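Undergrad: Got a structure for you, questions after.
The values are calculated or read from the model by the stated rules, or taken from the named source; none is laboratory data. What you see is a predicted model, and the numbers here were worked out from it, not measured in a lab. Heads up, the Cβs are rebuilt from the backbone with ideal geometry, glycines too, and the neighbour counts pull from every protein chain shown. Surface accessibility is based on the protein's heavy atoms, side chains included, excluding ligands, DNA and RNA. Shrake-Rupley method; radii C 1.70, N 1.55, O 1.52, S 1.80 Å.
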Amino acid sequence: MKAPDEYVNSIAVEGDSFLALLEARVSDRESSRRLMRVTTAGDVTTGPVLSSVPGPRRQRLFLAGSPLRLFNHGTASTILPDLSLGDEYDLGWEPFHVKQVGTYVCTVAHPSSDASPIGQRPGDCDPTRRYRLLTLLDAATLEPVKSAPIFAIRPAITVDATGTVWIIADGLQSLPEQSMQWPNPLDVAALLDHP
């Protein structure tokens, strides 16, 4: 198999295959993008050049969701079987980081001046610290599930078997059940000291 000339912008798992978003720089202001599917058996399907990807060229694109979608500059586009783009969904805000986390799509964005995607402001907000807004979306519907203020741009995040969402953002923390509350810190040193 000949390796593609493009670089991998984003990659995601889809069933028993991987879907990669490839990007080639055409000029300082223009890029060529396409999707490529690689199965675990090694079969490769390359999609057409995506001519209708909205947003600025330097905006980072992300693959996430179930079904898989292409996230770009506040929109999420469905991916058709031929690896072209289908319907576009407007998120209502512009995340600068998106990733798949279990049954959620996680976005990180600048908080708006009014409210979060779920219509609330964080409790006990310290105006001297600049926070970002982490929002979990239902991976299928893209409806917001909960949001929380965090102090990280690209946090490491996972969901454990009990459904607790863990993030590394200003320490190891878990997201609280109630939305727009500060994450709960986990004192790892105290756990290690515990007999």
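Undergrad: Can you give me the % of accessible surface on the stretch 155-195 that is carbon or sulfur? Probe 1.4 Å, all protein chains present, nothing else counted. Intermediate values should be presented prior to the final figure.
TA: Values: 1540 of 2650 Å².
After summing per-atom areas, the C and S share lands at 58 percent.
Undergrad: Separate question: How much length is gained if the chain between Thr45 and Ala190 is pulled fully straight, taking 0.36 nm per residue apart and subtracting their Cα-Cα distance, in nm to one decimal?
TA: Gain in length upon complete extension: 47.1 nm.
Undergrad: Compare His110, His97 by solvent-accessible area with a 1.4 Å probe and give them largest first, with all protein chains kept in place. If you can, show how the numbers build up before the last one.
TA: Values: His110 100, His97 20 Å².
Output order, biggest surface exposure first: His110, His97.
Undergrad: Okay, next question. Between Glu88 and Glu143, what is the spin-label point distance in nm, taking each point 7 Å from the Cα along the Cα→C-beta axis?
TA: According to this spin-label approximation, the distance is 2.5 nm.
Undergrad: Could you pull the accessible area for Ile167 with a 1.4 Å probe, rounded to 10 Å²?
TA: My reading of the accessible area for Ile167 is about 0 Å².
Undergrad: What net charge do the residues around Gly47 carry, taking every other residue with its C-beta under 11 Å from that of Gly47, with Lys and Arg at +1 and Asp and Glu at -1?
TA: Numbers: positive: Arg33, Arg34, Arg37; negative: Asp82.
Here the count lands on +2.
Undergrad: Tally Lys/Arg at +1 and Asp/Glu at -1 over every other residue whose Cβ is under 12 Å from the Cβ of Tyr104; what's the total?
TA: Around Tyr104, the surrounding residues sum to 0.
Undergrad: Tell me, what HN-Hα J-couplings in whole Hz come from the Karplus equation 6.51 cos²θ - 1.76 cosθ + 1.60 at θ = phi - 60° for each residue of the stretch 14-25, using x for Gly and Pro?
TA: 9, x, 9, 9, 10, 10, 10, 9, 9, 9, 10, 6
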